[in-house]
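No value in this document is a laboratory result; all are computed from the given coordinates. This is a predicted model, so every value here is computed, not measured.
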Amino acid sequence: MEVSRYHKFLRVSAVLFAMMLVFDSGFLSPFTKELSNNTIYYVANLGSGVKVTVPPNEVNTLTAQIAEQQRELDAREASLAEREIQAREYNEVQETDYSTYVLSLILFILTLLIVTNYILDWNRLRQMRYEKAAA
């Protein structure tokens, strides 16, 4: 059987995704799971920081004061809502980590492709042997 670039690519990608899954799931160390989650949050927040300046005037000053008061009100409302949630909550809800599920699914698909590919190659090779023997 000939090992093509496709076979090599499938094997290397399966090993790579398996290593990423072990790293992301925190199987060896809980630190790796925390590092993975923090990296996801960091990458998600990369594009959200933009700074624009405008020369100060009366409208800007009033708008800034209103915005500051609104932020204070929002912070008070958020703290009140948080206290209400804590008062009603009896058990701790854990956040679902979907990255482990996605990596598991990709690894499963790659494994399925590798197995299917080798089964088809084996059938093709067996058919070629029967054709040579019959000729």
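Extension gain, GLN70 to ASN37: 0.36 nm times the residue separation minus the Cα-Cα distance gives 8.7 nm. The computed Cα Rg over 2.2 N^0.38 Å for the structure shown corresponds, within (i) 1.98; (ii) 0.98; (iii) 1.35, to (i). Candidate membrane-span-like segments in the chain, meaning DSSP H helices with Cα atoms spread over at least 27 Å of their own axis and a Kyte-Doolittle mean of -0.5 or above, are 5-25, 98-134, with no membrane implied. For segment 1-72, the alpha-carbon coordinates run over 79, 30, 14 Å along the three principal axes, in decreasing order. The Cα center of segment 99-114 and the Cα center of segment 23-77 differ in position by 33 Å.
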